[in-house]
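Novice: Please find one structure pasted underneath; my questions will follow.
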Amino acid sequence: EPASVSSLLTVRGVIEVIEDAESPEAAEARHAALLSTLETALAGLNASRAAEGARLAAVLSAQVDEAERLVGIVEAAPARSVESIRARLSQQIARLLEDGANFDPQRLHQEAILIATRADVEEELKRLHSHIAAARTLLREPGAVGRKFDFLAQEFNREANTLCSKSNDETVTQAGLALKVVIDQMREQVQNIE
């Protein structure tokens, strides 16, 4: 919220009364000059804050764009296809069976489903898209959004961590790690806004 002259004048000690023999006209002229100077200083402060806010918004917007690009790389990763997951699981099961281990086929099927479910990052990608949309909305919002953006950056980070922990593909892992770097940079910038 921009600082105002009236709010600053209510702070004790901001203006001290000079008790001398000056005329009422001189006192009023001094008071008017003081108010004018203070208003000019506050206008400059508010303009500076607005300019800094615009610069931070541009930086954050570019970081959100980069996060979206990285999420797109994960979405397009060939390793996420059903065929790729099926082939990888089949190879792992074949390797286990080569050792001559005696597995219950029903139990093996259930375990394969659990492994495939744990490797699925679709929900994380949906939440990341939701966070990207929320970040863009916050960047257009007037007023103080720092706390909201900080919370959102934490949510971004949570999804990126889960994405990396579920990854079993180099492309997805690299994009997830790059996403974490962008999110850390975003969090640093968020510390500079109200």
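The values are calculated or read from the model by the stated rules, or taken from the named source; none is laboratory data. On a predicted model such as this, the values are computed, not experimentally measured, just so you know. Cβ sites come from the backbone with ideal geometry, for glycine too, and all protein chains shown count toward neighbours. Side chains are part of the model used for accessible areas, which takes the heavy atoms of the whole protein and leaves out ligands, DNA and RNA. Shrake-Rupley method; radii C 1.70, N 1.55, O 1.52, S 1.80 Å.
Novice: For LYS126, list the lysines whose Cα falls under 16 Å from its own Cα; do not include residues on the same chain fewer than 8 positions away.
Specialist: LYS166
Novice: Right, something else. Residues in segment 144-183 near a label at SER84, defined as backbone nitrogen under 17 Å from the 7 Å Cα→Cβ point?
Specialist: 163-179
Novice: Further, regarding this structure: Could you compute the FRET efficiency for ARG140 and ALA27, with r as their C-beta to C-beta distance and R0 at 35 Å, rounded to 0.05?
Specialist: Result of the calculation: an efficiency of 0.15.
Novice: Something else: For the chain, modelled as a Gaussian network with Cα springs under 10 Å, which listed residue fluctuates most, ALA178, ALA33, ALA116?
Specialist: Highest fluctuation among the options: ALA33.
Novice: Just PRO105, PRO78, PRO142 to compare: in a GNM of the chain, with alpha carbon springs under 10 Å, which one fluctuates most?
Specialist: PRO105
Novice: Which one of GLN154, GLY44, SER84 has its Cα pushed farthest toward the positive end of the charge dipole of the chain, where Lys and Arg give +1 and Asp and Glu give -1 at the Cβ?
Specialist: Going by the charge dipole, the pick is SER84.
Novice: Ignoring ligands, DNA and RNA, what percent of the accessible area of segment 78-194 is carbon or sulfur (1.4 Å)?
Specialist: Its accessible area is 52 percent carbon and sulfur atoms.
Novice: Please list the three semi-axes, largest first and in whole Å, of the ellipsoid equivalent to the chain, using sqrt of 5 times the eigenvalues of its alpha carbon gyration tensor.
Specialist: 63, 14, 11
Novice: Okay, next question. Extending each Cα 7 Å along its Cβ direction at GLU98 and SER48, get the distance between those two points in nm, one decimal.
Specialist: Going by the 7 Å Cα→Cβ label model, 6.9 nm.
Novice: Mind pulling the angle between the C-alpha long axis of helix 122-140 and the longest principal axis of the chain? Nearest 10 degrees, somewhere in 0 to 90.
Specialist: In the chain, helix 122-140 runs at an angle near 10 degrees to the longest axis.
Novice: Using Cα springs under 10 Å in a Gaussian network model of the chain, which residue among ALA54, ALA76, ALA27 shows the largest mean-square fluctuation?
Specialist: Ranking ALA54, ALA76, ALA27 by mean-square fluctuation puts ALA27 first.
Novice: Quick check on the chain: helices-only [θ] at 222 nm, where DSSP H runs of length 4 and up contribute -39,500 (n - 2.57) each and the sum goes over total residues. Nearest 500, please.
Specialist: -27000 deg cm²/dmol
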